[in-house]
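One structure is given below, encoded as structure tokens.
The values are calculated or read from the model by the stated rules, or taken from the named source; none is laboratory data. Since the model is a prediction, treat every value here as computed from it, not as a measurement. Glycine also receives a Cβ, built like all others from the backbone with ideal geometry; neighbour counts cover every protein chain displayed.
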There are 2 protein chains.
Amino acid sequence: MTDWKEIREEDAPISPELKLPEVSELLELIDGKRISEFRLAALDIMAPDMAAIIEEAPEERRVLLYRLLPKGKAAEVFIEMSVETQQQLISSFTDRELSETLGELYMDDTVDIIEEMPALVVKRIIKNSSPENRSTINKLLRYPGDSAGSIMTTEYVRLSPDMTVEEALRVIKRVAIDKETIYTCYVTDRERRLLGLVTARALMLSDRETLLSDIMQDSVIFATTTEHREDVANKFNKYGFIALPVVDNELRLVGIVTVDDAMDVMREETEEDFQKMAAMIPTETEYLRTPSYKLFLSRIPWLLLLMISATFSSAILSFFEASLIPALVLFVPMLMDTGGNSGSQASVTAIRGLSTGEIALKDVFKVLKKEIIVGVLCGLSLGAVAFGKVLLVDRLIMNNPAVTLTVAAAVSVSLAFTIITAKIIGSTLPLLAKRLGLDPAVMASPFITTIVDAIGLILYFVISANVFGLVI
Amino acid sequence: MTDWKEIREEDAPISPELKLPEVSELLELIDGKRISEFRLAALDIMAPDMAAIIEEAPEERRVLLYRLLPKGKAAEVFIEMSVETQQQLISSFTDRELSETLGELYMDDTVDIIEEMPALVVKRIIKNSSPENRSTINKLLRYPGDSAGSIMTTEYVRLSPDMTVEEALRVIKRVAIDKETIYTCYVTDRERRLLGLVTARALMLSDRETLLSDIMQDSVIFATTTEHREDVANKFNKYGFIALPVVDNELRLVGIVTVDDAMDVMREETEEDFQKMAAMIPTETEYLRTPSYKLFLSRIPWLLLLMISATFSSAILSFFEASLIPALVLFVPMLMDTGGNSGSQASVTAIRGLSTGEIALKDVFKVLKKEIIVGVLCGLSLGAVAFGKVLLVDRLIMNNPAVTLTVAAAVSVSLAFTIITAKIIGSTLPLLAKRLGLDPAVMASPFITTIVDAIGLILYFVISANVFGLVI
């Protein structure tokens, strides 16, 4: 077999991604009783990669691989595992092992795991937590799933304003082992009310006898426990923090959110938006790991609803079909597609603007004005092109005498109005949804398309009949 | 007027978002010659907020506001300004002021600014940079815009493995002022080849005489200068780093990327994807700040292209129209919409999977298998529902005798096949695009819809004519 350690040393440093060992190589080390070599190799593998490697192993060998990991590494690897493997590992743990593992985890990770586990496992986890952790877990579990409270951790460094830098460094040295970050430390009064923050940078660069009150930043951006987690992530993005304090109603410090968690939130929220905007019910698991029936269940509700609502289009078609000239039908797909595309351009812009905070509800008239201008510009130019295209391609090239000048005019005028309507609907519906406390992302392409289809068809047939007299 | 400072002190700490001063209040302070009050207030305002406040001011007063900012703050605020305001400020700077401001910026920010400025301004910036910075700028400008090289900065802390913790801390104290982060320091040999990293955490917690070689992590994840910036951001997301080293072909350390820049990249890349997937050419400026004609220009090309390609649908309709029974036309919108929605569900899933690294090209058969299963499940269930719906709603309720049992059967069978086809096309086209070195995001809903429309219509008419004999 390949001696992984040997390869590794050829050119230090290595990027684990370039030369990660196969799970079979690690299992061979273990089977050959070369445990210390296994541990040495494991030390050099980052936790997310190690978790992926272990999950590649046959189910019955995963527990063994996990148990042989070096002490400090095991918990890190544990939190990177899939829910299924975590559950498998927990059920193999003795109570002592479980409480040891729990002891190594940060509170936010513990709570994340609990939220995914079945009730029996949760019971066991809570039973095997220390009394102090148990009460913290219970508190954290009570915050709504999309709030700052639900993503924060309680392991931060708290200092007093009357400490010197030297004292602060001593405190940090003592408590650091349990803290998720020591790079931003929070200064509070005795009632834990947030007074300011001190960065590790300031501590490292200041003289040892300086008072914290002299070097602390006393204007601090914070989040409240009930704030939406997406707003929290936006603050990280705006200000470039590596941690953000979370306070309760009395401005008491209750936790912190770290930048890695904020990045996860950003990713989860955008993936959720992508899924909603493509008419899917968001799933949190990785695509390749999601069973097909679950994908089916996440996709079918919207498909069904949208299919049923297309009945309106059929009804409109059927209402007009008998009395209008048949050539008009040829341009229904073009009208529908262009209307739908115009609408989704506007709606995606509005939805994303709301998500990132670039657009606020109060901007509704600015948005509307912009979209009407853009709609008129798009409508006029596409209408003109469509007029030419219909005459040239559909009449001349495809040699269809039923496509008259009047038909071309009706198509291009209807198209222009449909585009303008689509822009208005596409941009305002997400804002309306937000105003009503609904999720703007649902007002995305598929939904807008269905509405624009119906309106576009009515515009098309009414304009064709009443303005251009294209009746039979 | 309101004394902002007074309000502020009522309840420290404050979150600037809660009580930011209006620009008029700041201007009043300045007009009343209360400059030190203005500076005190400015100190408490985070740079991105201060930039926003200054941009609210009338154009002719912005330069004044900027010039009166406290020394250390000015450069921070400068990089948060819009390109237009930056340009306005630069043109008001003397050469000395310009080179002072440039001296305060990190290299990655300088390069970002240069990339947005007109040639004349760039010349002036380069002329007023220190010779050393000038050569760094030129190097950084040569990396492709979407590479790790283009987002990295050269201001990192470099240490040697034979230093003690105490020596390292001394070095850090000396050089920190110019460094973008001191929380991750890089250990290199004399040729700058990366040997490992030491975190500030490790330094703060270790004894002063410990050698760096004993506490450094020697297995380091890094990026290469030419790596795509989205892959760099994905590494931050996966591993939770606050900085990532960037090396050249010889593994020599040339720069670092910090987590705030990685978050910016993540946001920019996802917003670009959202825009491309909604058939828009990505714009980087904020929506409300983008002039309508620019929005128009970013939206019209795809609308136009997609409108022209809808000609296929018209051609198909026109080819079959004369020979098929008219009632079939009623269900064209439903078929088109459902096919389009099914396809975009699959394509958005594939596009995002490729972006986040969840799906790789080698997974093409796994993806295909999943989507065929999901497609069959969706096709069967929607086909069945459509059959009932057509008979119940379109035949009975809307009392249309032309909608026969055979029509309902033709619609539901075609629908099922269209959905399966849509899932296959939607999931494979993005992978194909990636394989060909194109951007998968362009293979999104609008494009897929246009293709699925044409295929769906052909399926529908061929099945109706040849299987169900619905000819006139």
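A few comments on the model shown:
- Breaking point among (1) more than 7 Å from chain B (Cβ to nearest Cβ); (2) under 30 Å from B:L354 (Cα atoms), for A:R299: (1)
- Count of residues meeting criterion [more than 25 Å from the chain's Cα centre (by Cα) and within 14 Å of another protein chain (Cβ to nearest Cβ)] in segment B:29-52: 7
- In the set B:S129, B:S135, only one residue is of a type outside the set (A, V, I, L, M), farther than 28 Å from B:L40 by Cα and not in a helix (DSSP H, G or I); that residue is B:S129.
- Taken over segment A:198-209, residues that are crowded, with 16+ Cβ neighbours inside 10 Å and either in a loop (DSSP other than H, G, I, E, B) or without any contact (Cβ under 8 Å) to a residue 12 or more places away in the chain (or both) amount to 3.
- Residues (within 24 Å of A:I351 (Cα to Cα), basic (K, R) and modelled with pLDDT under 90) located in segment A:239-296: A:K276
- Residue that is nearest to the other protein chains (Cβ to nearest Cβ) [pool: residues in segment A:302-318 that are in a helix (DSSP H, G or I) and touching a residue at least 12 places away in the same chain (Cβ under 8 Å)]: A:S313
- Of residues in segment A:276-286 being at the interface with chain B (Cβ under 9 Å from one of its Cβ atoms) and either surrounded by fewer than 19 Cβ atoms within 10 Å (Cβ to Cβ) or of a type in the set (G, A, S) (or both), the one nearest to the chain's Cα centre (by Cα): A:E286
- Some residue of segment A:178-197 being assigned to a loop (DSSP other than H, G, I, E, B), within 11 Å of another protein chain (Cβ to nearest Cβ) and among the small types (G, A, S): no
- Close Cβ contacts (under 7 Å, 6 or more residues apart or on different chains) running from residues in segment A:329-341 that are more than 7 Å from every other protein chain (Cβ to nearest Cβ) and under 16 Å from B:S318 (Cβ atoms) to residues that are crowded, with 24+ Cβ neighbours inside 10 Å and among the hydrophobic types (A, V, I, L, M, F, W, C) comprise A:L335/A:L415.
- Scanning segment A:218-238 for residues that are surrounded by fewer than 19 Cβ atoms within 10 Å (Cβ to Cβ), closer than 24 Å to B:A42 by Cβ and modelled with pLDDT of 90 or more yields a count of 0.
- Selection status of A:L69, modelled with pLDDT of 90 or more and farther than 30 Å from A:S147 by Cβ: yes
- Residue that is farthest from B:P48 (Cα to Cα) [pool: residues in segment A:248-275 that are of a type in the set (V, I, T) and at the interface with chain B (Cβ under 9 Å from one of its Cβ atoms)]: A:T270
- Test: A:T406 is crowded, with 19+ Cβ neighbours inside 10 Å, in contact (Cβ under 8 Å) with a residue 24 or more places away in the chain, assigned by TED's automatic domain parsing to the domain that holds A:L324 and hydroxyl-bearing (S, T, Y): no
- Test: residue in segment B:23-42 that is touching a residue at least 24 places away in the same chain (Cβ under 8 Å) and either basic (K, R) or in contact with a Cys (Cβ under 8 Å, 6 or more places away or on another chain) (or both): yes
- Applying a threshold of 8 Å to beta carbon distances and a minimum spacing of six or more residues, or different chains, the list of pairs starting in segment A:450-472 at a residue that is within 15 Å of A:I425 (Cα to Cα) and outside the structural domain of A:G339 (by TED's automatic domain parsing) and ending at one that is part of a helix (DSSP H, G or I) and at pLDDT 90 or above is empty.
- Some residue of segment A:277-285 being closer than 30 Å to B:L330 by Cβ and in a helix (DSSP H, G or I): yes
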